[in-house]
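Read the structure below first, then the notes.
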There are 2 protein chains.
Amino acid sequence: MKCIIIAIGTEVVSGDIVNTNAAYISDYLKQFGIKTIQHLAILDDERHILKAIKRSLKRAELIITTGGLGPTYDDITKIAIAKALKQSLKKDEKSLETIRGFFRRLGREMTPNNERQAYFPENSIIVENNNGTAPACIAKCPKKGAVIMLPGPPSEMIPLMEHEKIVEYLNRGKTDEIQEIRLKFFGIGESSLEERLKEHMTCTKDLILAPYAKVGEVELKITAKAKTIEEAKEKADNLKEKIYSIAGEFIYTEGKKSLEEVLIDKLKEKNLKLVTAESCTGGLIAEKITNIPGSSEVFTGGLVTYSNEMKMSLLDVKKETLDEFGAVSRGVAIEMADGARLKYNADIAISVTGIAGPDGGSEEKPVGLVYVGISTAEKTEAMRFNFTGNRNKIREVTAKNAIHMALSEIK
Amino acid sequence: MKCIIIAIGTEVVSGDIVNTNAAYISDYLKQFGIKTIQHLAILDDERHILKAIKRSLKRAELIITTGGLGPTYDDITKIAIAKALKQSLKKDEKSLETIRGFFRRLGREMTPNNERQAYFPENSIIVENNNGTAPACIAKCPKKGAVIMLPGPPSEMIPLMEHEKIVEYLNRGKTDEIQEIRLKFFGIGESSLEERLKEHMTCTKDLILAPYAKVGEVELKITAKAKTIEEAKEKADNLKEKIYSIAGEFIYTEGKKSLEEVLIDKLKEKNLKLVTAESCTGGLIAEKITNIPGSSEVFTGGLVTYSNEMKMSLLDVKKETLDEFGAVSRGVAIEMADGARLKYNADIAISVTGIAGPDGGSEEKPVGLVYVGISTAEKTEAMRFNFTGNRNKIREVTAKNAIHMALSEIK
């Protein structure tokens with residue numbers, strides 16, 4: 001089954017709010033074997049809505065609309081959709097009672113606009129909304145397919161998508177079982193990875209291998225479809241094994257976990273304590289790590305040593321090293337990592353010193369030059385990087401590389 | 001001028017990433033008097049792209065596409081768009097050289113796919129991309145209008161939108177002069193602010209006052225339109241003065257600067273040095289501050305003291321205070337701030353201790369309980385907060401309140 005998702009609302013089209021609903025719904029529909037083929041965001045205008053619905057019904061059997069059901073609109077969404085389905089609107093007494101109850105509980109007066117929220121295209125399954133006044137509905141098309149109308153706020157839309165009436169409807173069209181596998185890569189660019197895997201890059205009805213590049217990393221997603229879940233799994237696993245055999249050394253995890261989550265898991269597993277000593281990343285590594293619940297078990301603390309004085313007093317970096325090589329140098333990265341690990345009783349320390357720009361670069365030490373140090377009881381090493389991009393990007397890529405280096409060290 | 005924004009990419013349509021680009025672009029275009037009338041997200045498919053572009057060109061003079069320019073696709077976006085514009089693709093030597101340079105600096109091999117990124121519809125203005133390999137371009141339509149093609153990652157797309165070649169093009173269609181004023185508020189909720197200003201909330205053709213709520217803050221944007229810039233300015237200034245007289249005490253800046261940028265400006269102006277001591281925010285405050293270029297002038301450094309041991313050794317927090325009141329307490333926040341300021345020779349110190357959750361809360365000290373301390377030579381104070389939301393939200397709101405407290409202290 002194919003689906004088109006339509007956000008109705010000037011606030012979306014004008015950029016006042018980001019449409020997170022469409023991504024949520026597309027992802028949610030996958031479990032039912034429903035493929036989203038388009039997202040649309042249109043203005044609150046009856047003519048626009050009517051046109052968009054009519055056109056979409058030619059291309060997809062399922063249309064899901066979000067928004068345009070609030071009491072502030074003159075109900076144009078439902079009027080337009082009813083027109084598109086060649087139906088009239090009918091009052092639903094049960095919904096009206098629920099809306100009345102909602103206002104009673106809030107101690108607020110109900111407006112005539114709210115009453116209009118109880119009208120639906122005649123051939124509809126009405127889905128009660130426990131988190132707002134606008135009920136959702138599944139308006140069935142005269143021949144086949146349906147338009148599911150949902151309210152816009154995610155706090156109302158998400159519970160409604162999971163409502164049993166909607167789940168039941170979505171399950172009806174399910175014919176295939178789906179197996180999805182995500183592989184996350186670090187240290188290889190999107191194009192090199194695809195070049196290596198080019199024989200296996202596939203996009204058929206039953207098997208899709210799709211790459212997604214993020215700052216510093218690449219994700220490959222395998223989607224396999226079959227009549228039974230066992231068959232789908234087998235197909236996905238076969239492709240996965242091939243990918244491992246070709247580029248397995250760059251895979252840091254399977255699934256949705258981030259680099260820092262994988263690092264924290266590993267630290268927990270090996271019962272190791274981590275400390276960070278950051279200069280140009282300014283706390284970004286500590287921030288990423290502490291953003292993960294439970295990180296306090298393995299993260300002792302972090303130091304953001306911007307000044308040379310702090311590098312010396314807090315990390316025992318030697319004055320001679322700073323004088324001879326400068327703050328952005330391999331020697332300082334190594335002393336920062338060792339100092340952090342030894343002074344703060346950690347098993348592993350990450351250090352970063354570099355030039356994030358836009359100022360502070362020189363011919364010899366340009367913006368983007370970064371040293372990342374890793375210290376453990378066994379050894380200390382530092383790597384030199386030359387990153388490009390703006391301050392933000394350099395800091396982000398540095399933090400990811402530093403976390404990846406720590407992960408590689410303890411793996 | 002009307003605009004349609006098209007995101008090209010299976011990763012968007014399938015819900016793997018949220019399309020934040022469309023909202024950014026719509027909002028950005030307003031300053032040029034360009035109205036967005038639709039957002040679209042379509043699959044990486046030549047036929048789909050061709051159809052969407054053709055259809056959109058009938059309804060809008062400006063089409064902006066994001067995505068589909070990466071080296072992994074067979075360049076179908078540019079092929080399809082060139083077809084829609086009835087043009088052929090032409091190699092741009094300068095772009096090719098830039099892409100080659102990008103790979104040289106990275107020390108990576110350039111693939112044939114990357115070479116294709118240097119081809120553009122013949123009648124194009126090419127816009128160099130300093131943050132990635134895919135250049136952007138403004139492909140002019142045979143008659144009127146244009147398709148602006150941008151890469152998908154926001155870190156590349158946003159700087160390109162602000163590129164002078166694109167700004168110049170967007171300015172061309174401008175007929176009215178527009179004056180925009182942004183007022184940024186802290187310490188007041190969106191609905192309270194709107195309630196206070198309800199008489200002045202306006203949305204006419206010539207004068208718009210629109211609120212945007214972000215985590216912990218609210219922004220009001222005044223947009224005034226007139227034939228001359230003087231008239232537009234006068235209209236906007238009149239409304240601004242009214243807002244100042246009603247809710248001026250909550251305004252922390254005019255313009256686009258963030259809380260941390262305003263804080264850094266103030267610190268520079270007063271020649272003060274800042275140090276941070278964080279527990280539950282885990283480096284987020286330091287990260288926000290060091291994300292601003294030039295922050296090293298006023299930011300000495302930061303400490304992320306997760307463990308009690310680090311609080312004692314690095315910040316001179318007393319064991320008795322920790323034992324008697326616990327790590328999350330007013331006393332510890334005050335000792336952290338004082339310790340940080342005195343030990344690291346700063347003029348002002350920010351400290352944070354709290355429970356970000358999801359675990360670690362108790363009846364007495366629930367998740368969301370946070371103390372923020374500020375220490376200066378004159379005085380030390382700590383404020384208690386009870387925030388709600390998930391870990392991310394609690395950390396973010398804490399960091400913003402802490403930065404705002406420091407700002408209020410030195411203002």
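Here are the numbers:
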| item | result |
| --- | --- |
| Residue-averaged beta-carbon neighbours from other chains (10 angstrom radius) around A:31-40 | 4 |
| Mean separation of Cα contacts under 8 Å, 6 or more apart, over the residue count of the stretch A:177-254: relative contact order % | 43 |
| Cα gyration tensor shape of the stretch A:250-398, rounded if a/c is under 1.5, else prolate or oblate by comparing a/b with b/c | oblate |
| Test item: Cα-centred dipole of the protein assembly as shown, Lys/Arg +1 and Asp/Glu -1 on Cβ, debye | 3240 |
| Shape category assigned to the stretch A:177-254 from the gyration tensor of Cα positions, a/c cut at 1.5 | prolate |
| Calculated FRET efficiency for the pair A:Lys227/A:Lys91, C-beta based, R₀ 51 Å, to 0.05 | 0.70 |
| Length released on extending from B:Lys54 to B:Ile125, taking residue separation times 0.36 nm less the Cα-Cα span | 23.5 nm |
| Dipole magnitude of the stretch A:265-343, debye to nearest 20 (Cβ charges: Lys/Arg +1, Asp/Glu -1, about Cα centre) | 240 |
| Normalised contact order of the stretch B:322-377, rounded percent, pairs of Cα under 8 Å and 6 or more residues apart | 39 |
| Packing rank of A:319-328, B:13-22, B:134-143, where each peptide gets the mean count of other beta carbons within 10 Å, highest leading | B:13-22, B:134-143, A:319-328 |
| Relative contact order of chain A, pairs being alpha-carbon contacts under 8 Å that are 6 or more residues apart, as % | 10 |
| At R0 = 41 Å, FRET efficiency that the Cβ-Cβ distance of B:Thr202 and A:Val167 yields, to 0.05 | 0.40 |
| Theoretical ellipticity at 222 nm over the protein assembly as shown - DSSP helices of four or more residues, -39500 (n - 2.57) apiece, nearest 500 | -12000 deg cm²/dmol |
| Positive minus negative residues near A:Leu259 (Lys, Arg vs Asp, Glu; Cβ under 14 Å) | 0 |
| Selected from B:Leu170, B:Ile42, B:Asn21, residue furthest toward positive end of dipole (the stretch B:2-172; charges at beta carbon) | B:Leu170 |
| The stretch A:331-384: trypsin sites (Lys or Arg not before Pro) in DSSP coil with no more than 11 other Cβ atoms inside 10 Å | A:Lys379 |
| Cβ-based charge dipole, the stretch B:287-411, positive-most Cα from B:Leu342, B:Ser329, B:Pro366 | B:Pro366 |
| Among A:Ser124, A:Leu193, A:Thr98 the positive-end extreme of the charge dipole of the stretch A:97-215 (Cβ point charges) | A:Thr98 |
| Against the rule of thumb 2.2 N^0.38 Å, how large the Cα Rg of the stretch A:2-172 comes out | 0.96 |
| Neighbour net charge for A:Lys318 - beta-carbon separation under 15 angstrom, K R +1, D E -1 | -3 |
| Proximal aspartates and glutamates to A:Lys91, defined as alpha-carbon separation beneath 19 angstrom and excluding residues fewer than eight positions away on the same chain | A:Asp74, A:Asp75, A:Glu115, A:Glu122, A:Glu128 |
| Placed amide H near B:Cys137: partners under 5 Å, 5+ positions off or other chain | B:Val127, B:Met149 |
| Cα gyration tensor shape for chain B, rounded if a/c is under 1.5, else prolate or oblate | prolate |
| Cα-centred dipole magnitude for chain A, charges only on beta-carbon of K, R (+1) and D, E (-1), debye, nearest 20 | 1720 |
| Over 23 Å (Cα to Cα) - which of B:Lys58/B:Lys86; A:Lys198/A:Lys257; A:Lys256/B:Lys365; B:Lys205/B:Lys227; B:Lys35/B:Lys140 fall in this group | A:Lys198/A:Lys257; A:Lys256/B:Lys365 |
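All of the numbers you see were taken from the coordinates with simple rules; none came from a lab. Keep in mind that this is a model prediction, so the values were computed, not measured. Neighbour counts run over all protein chains shown; Cβ positions are idealised from the backbone, glycine included.
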